[in-house]
Amino acid sequence: MSEIRLDGQVAVVTGAGRGLGREHALLLGARGAAVVVNDLGGALDGAGGEASPAEQVVAQIRAAGGTATVDTNDVSTPESASRIVATATETYGRLDILVNNAGILRDRSMAKLTPEEIGSVLDVHLGGTIWTSRAAWPVMTGQGYGRIINTTSAAGLFGNFGQTGYAAAKAGIWGVTKTLAIEGARNGIQVNAIEPGARTRMTENLLGDLADRLDPSLVAPVVLWLAARECATTGEVYNVGGGRVARVVIAQTPGFFSREITAEALRDGWDALNDPGRAEVMTTFQQEMGVLVGLLADGDPSA
Ligand code: NAD
């Protein structure tokens with residue numbers, strides 16, 4: 001089996017001083033990429049900051065024979081996110097791979113949520129993903145090549161108690177991933193997302209007995225594959241954890257159709273409408289629209 005290599009390529013991994021980002025950075029560095037290890041080194045809720053987590057990861061990559069540099073800029077503002085990309089272009093001359101991973105948690109149920117808490121979570125996760133991608137975009141477009149791997153979450157896809165801000169940010173990252181995949185296609189930029197599960201400081205109190213089997217290093221190979229030149233996938237989301245990887249899809253049931261639609265007809269057809277048994281995977285807006293166009297053409301003589 002030939003090894004996937006990234007020699008000559010440059011990667012930025014945000015939030016790479018700890019947890020999942022650290023593992024992504026170590027693996028990309030081990031496969032030959034020059035890695036910008038970005039991390040402002042704050043607490044789980046985003047407070048404070050120190051360079052040492054990023055410095056330790058850089059030291060580890062270098063000790064293994066790789067190339068890496070520290071960046072301690074904050075992902076959450078357009079100006080500082082631009083400086084992260086500038087670290088890559090000024091130090092190594094290009095940027096091939098951007099892994100948007102940095103994140104914080106400020107969980108609070110709706111009754112207690114403050115604007116400041118929700119704002120900071122949206123700024124770091126959703127803002128951070130958008131601002132670093134925006135800064136990377138002209139570089140990748142100019143190269144005609146780029147790989148962006150974003151980080152969403154089960155909370156964003158399914159919801160989770162006490163995580164309104166986090167879920168909003170992570171669901172937003174799904175939308176950003178789909179949209180940038182469409183926009184990037186003409187310039188060789190592929191954009192995907194992972195929905196990870198791993199033991200880190202963010203989850204260590206939540207995983208119970210599973211924690212020992214959810215090492216964060218089991219997620220990094222998916223990031224390496226999505227970052228590889230030979231991977232042709234774009235616009236997808238993968239659930240990853242503990243050695244399992246699965247594609248997350250959006251599906252629609254065949255639904256209800258009548259040009260004489262009434263609430264009563266819906267009531268009577270509700271169970272059939274909701275039955276996922278014949279659901280179809282939908283990958284584009286055009287595919288969804290096509291179903292309606294087909295029904296209108298077939299089902300209504302006046303259409
Ligand atoms: P972690 O707290 O171990 O690592 C996150 C890192 O991001 C930290 O080192 C932190 O200093 C850094 N960071 C935070 N704000 C930053 C900012 N503004 N600029 C730059 N760096 C910043 O957590 P983790 O579990 O490794 O999380 C990594 C990503 O994976 C996050 O986006 C998280 O939401 C997501 N995620 C994790 C899990 C899981 O099971 N661990 C599940 C779903 C999603």
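We did not get these values from a lab; they are worked out from the coordinates using the rules stated. Only a predicted model underlies this, so the values are computations on that prediction, with no experimental measurement involved. Positions of Cβ are backbone-derived with ideal geometry, glycine not excepted, and every protein chain shown enters the neighbour counts.
With a Cα-only, solvent-free Debye model of the range 251-298, what are the log10 I(q)/I(0) values at q = 0.20, 0.27 Å⁻¹?
For the range 251-298 at q = 0.20, 0.27 Å⁻¹, log10 I(q)/I(0) is -0.76, -1.08.
Rounded to the nearest 5, what % of DSSP beta bridges with both residues in the range 10-248 are antiparallel? Write down the numbers at each step before the final one.
Details: 5 of 31 bridges.
Antiparallel bridges: around 15 percent, rounded to the nearest 5.
Run the numbers for residue 116 and residue 45: contour at 0.36 nm per residue of separation, minus the present Cα-Cα distance, in nm.
Values: separation 71, 0.36 × 71 = 25.56 nm, distance 1.17 nm.
That works out to 24.4 nm of additional length.
Restricting attention to the range 185-273, which GluC sites (Glu not before Pro) occupy a DSSP loop and are surrounded by at most 15 other Cβ atoms within 10 Å?
On the way: sites: 204, 230, 236, 260, 264; in loops: 204, 230, 236, 260.
Within the range 185-273, the qualifying GluC sites (Glu not before Pro) (loop, at most 15 other Cβ atoms within 10 Å) are 204, 230, 260.
What whole-number distance in Å separates the alpha-carbon centres of the range 190-246 and the range 149-166?
15 Å
Which net charge results when you count Lys and Arg as +1 and Asp and Glu as -1 among the other residues whose beta-carbon is under 9 Å from that of residue 118?
So the surrounding residues net to 0.
Using a simple spin-label model with points 7 Å from Cα along the Cα→Cβ vector, what separation in nm is obtained for residue 268 and residue 108?
5.0 nm
Per-residue ellipticity at 222 nm for the chain, helices alone: DSSP H runs ≥ 4 residues times -39500 (n - 2.57), over residue total, nearest 500 deg cm²/dmol?
So the calculated ellipticity at 222 nm is -12500 deg cm²/dmol.
Along each principal axis of its Cα atoms, how long is the chain end to end? Whole angstroms, biggest number first, please.
Taking the Cα atoms of the chain, the three principal extents are 70, 46, 40 Å.
Can you tell me how much longer the chain between residue 2 and residue 280 gets when fully stretched, taken as 0.36 nm per residue apart minus their C-alpha distance, in nm with one decimal? Each step should come with its number before you reach the end.
Details: separation 278, 0.36 × 278 = 100.08 nm, distance 3.60 nm.
Computed gain between residue 2 and residue 280 is 96.5 nm.
Can you list residues whose amide H is under 5 Å from residue 150's amide H, if they're 5+ apart or on another chain and H is modeled 1.01 Å from N?
Here the answer is 100, 192, 193, 194, since their amide H atoms fall under 5 Å of that of residue 150.
Which order do 275, 123, 96, 107 fall in if you start with the one that has the fewest other Cβ atoms within 10 Å?
On the way: 275 11, 123 19, 96 24, 107 16.
Arranged by neighbour count, lowest to highest, 275, 123, 96, 107 become 275, 107, 123, 96.
Any idea how far apart residue 288 and residue 64 come out in nm if each label point goes 7 Å out from Cα toward Cβ?
Going from the residue 288 label point to the residue 64 one covers 4.0 nm.
Which Cα, out of 75, 59, 145, lies furthest along the positive dipole direction of the range 18-171 (beta carbon charges, K/R +1, D/E -1)?
Of 75, 59, 145, it is 145.
Go ahead and run the numbers for FRET between residue 257 and residue 160, Cβ-Cβ distance against an R0 of 35 Å, rounding to 0.05. It would help to have the intermediate numbers written out before the result.
Values: r = 34 Å, r/R0 = 0.97.
It comes to 0.55.
Place a +1 charge on the Cβ of each Lys and Arg in the chain and a -1 charge on the Cβ of each Asp and Glu, then give the dipole magnitude about the Cα centre in debye, rounded to the nearest 20.
Rounded to the nearest 20 debye, it is 640 debye.
Using amide H atoms built in the peptide plane, which far-off residues or other-chain residues are under 5 Å from residue 189 H to H?
Long-range HN contacts for residue 189: 146.
Looking only at 259, 229, 199, which one moves most when the chain is put into a Gaussian network model with springs between Cα atoms under 10 Å?
259
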